[in-house]
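One structure below.
The values are calculated or read from the model by the stated rules, or taken from the named source; none is laboratory data. Note that the structure is a prediction, hence the values are computed from the model and not measured. A quick note on method: Cβ atoms are made from the backbone with ideal geometry, for glycine too, and the neighbour counts reach across all protein chains shown.
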Amino acid sequence: MRVLILALSILGILVCSDAAKAGPSTTTRDQAASVDEAVFTDEATQETEDRIGLDKRKRRDLQRRLTRLGFDTRANGKFDARTRAVITRWQAARDYPKTGFLNTLQHQALLNESVSTANASARDNKSGNERRARRRGGSNPVGVIGGVVGGVVGGIFGRR
């Protein structure tokens, strides 16, 4: 009888260990997008920023993106002195010419950077949710079976 119980417990351990998922990761990773060298040399001015055509909604979106990247600013749709200072800090952190204004290439780089950061956060959040579901034995039937077998074996071999 104990051999049968031992065999069931080993089977339960194998079922719960996600053995099928073992091995090297096949997840594709975001590679740094190739950046045009002109981003680092072309100075941005009020004129270059005006050519982008940022209305109030787009300015607010850029302010939110800067905040998500760690450059805190108010999302009011106005590029006031505070926002200009944040843009200058963002440019300095990326080795762009520090003007406080955006040109087309810097604008695109900011959009791409915030999208890749958002994708990474969503991926991290998804994997965290999956880990929590596995710990709870969520909707994963393998986790439920392993929990039942573990409970039975623990009850038999547990305290006396």
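The figures follow:
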{"item": "Filter pass, ASP50 being more than 18 Å from VAL115 (Cα to Cα), at pLDDT 85 or above, over 27 Å from the mean Cα position of the chain (by Cα) and not hydrophobic (A, V, I, L, M, F, W, C)", "result": "yes"}
{"item": "Considering residues of segment 53-75 that are loosely packed, with under 15 Cβ neighbours inside 10 Å and in a loop (DSSP other than H, G, I, E, B) only, the residue modelled with the lowest pLDDT", "result": "ASP72"}
